[in-house]
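Below is one structure, written out as structure tokens; comments come after it.
Rule-based calculations on the coordinates, nothing more; no lab input. Here the structure is a predicted model, which is why all the values come from computation and not from measurement. All Cβ positions, even for glycine, are placed from backbone atoms using ideal geometry, and neighbour counts span all protein chains on display.
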Amino acid sequence: MVSIPFPAGIDLLVRDVLTIAIFWAVGQLVIHAVRAAAKRAGVSPAQIRIVTEALTFVVAVLAIVAVVHVSGLTSESTTLTISGIIAIALSLAVQTTLSNIISGILLLLDNTLRINDLIEYGGMKGEVLKIGLRNSWVKTASGSLVIISNSQTANGPLTNYTAAERLLRKL
């Protein structure tokens, strides 16, 4: 845990408020950077809101842990233990979702998929209708809608019939 050095004469309440303010400011910078990157990647506003809320929750938890640590209510080992338990619980709870989100961002950044591309994945062939953070929507020739998680799409094998020229130019 990073300790924030405060002068000796600062009151405990003032230290707590300053700690929260520092975490809030840094958190807002991170959230703004992630939101801007998601907008550039073409992520829908609803998905950007979900990611923003999740990051806000993480910043709030980190601020609470920092206040407890700075206030001297617990020792460093207790603070690290609590932080570790929270981190493990959160990572296990959102592991699949984070994998899909990261894969979705990579698919968008690599231009592997675009809307209206004709793709084949797992024996299913169709046109890409929507690329979200967690999954992609594909309409088959029979008119069925197939929703594929982005982590599966990124792991392939994926055949993109309309993007060959676009992707080969990047090599």
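Things worth noting here:
- Rounded to 0.05, the FRET efficiency of the residue 120 and residue 94 pair, given R0 = 35 Å and the Cβ-Cβ distance, is 0.70.
- From phi via Karplus (6.51, -1.76, 1.60), per-residue ³J(HN,Hα) for the stretch 85-94 in Hz, x at Gly/Pro: 5, 4, 5, 5, 4, 5, 5, 5, 5, 10
- Residues residue 14 and residue 57, FRET efficiency given R0 of 30 Å [Cβ-Cβ distance, rounded to 0.05]: 0.70
- Compactness of the stretch 111-170, taken as the C-alpha radius of gyration over 2.2 N^0.38 Å, stands at 1.03.
- In order along the stretch 95-112, the Karplus-derived 3J(HN,Hα) couplings, from 6.51 cos²θ - 1.76 cosθ + 1.60 at θ = phi - 60°, round to 4, 5, 4, 5, 4, 5, 5, 5, 5, x, 5, 5, 4, 5, 5, 7, 6, 5 Hz, and Gly and Pro are given as x.
- Applying the Karplus relation 6.51 cos²θ - 1.76 cosθ + 1.60 with θ = phi - 60° to the stretch 113-129 yields 3J(HN,Hα) values of 10, 9, 4, 6, 5, 9, 10, 9, 9, x, x, 9, 10, x, 9, 6, 9 Hz, where x marks Gly and Pro.
- Full extension of the chain segment joining residue 161 with residue 141 gains 5.8 nm, where the gain is 0.36 nm per residue of separation less the Cα-Cα distance.
- Dividing the convex hull volume of the alpha-carbon atoms in the stretch 12-93 by its residue count gives 87 Å³ per residue.
- Distances between placed amide hydrogens fall under 5 Å for residue 132 paired with 137, all partners being 5 or more residues away or on another chain.
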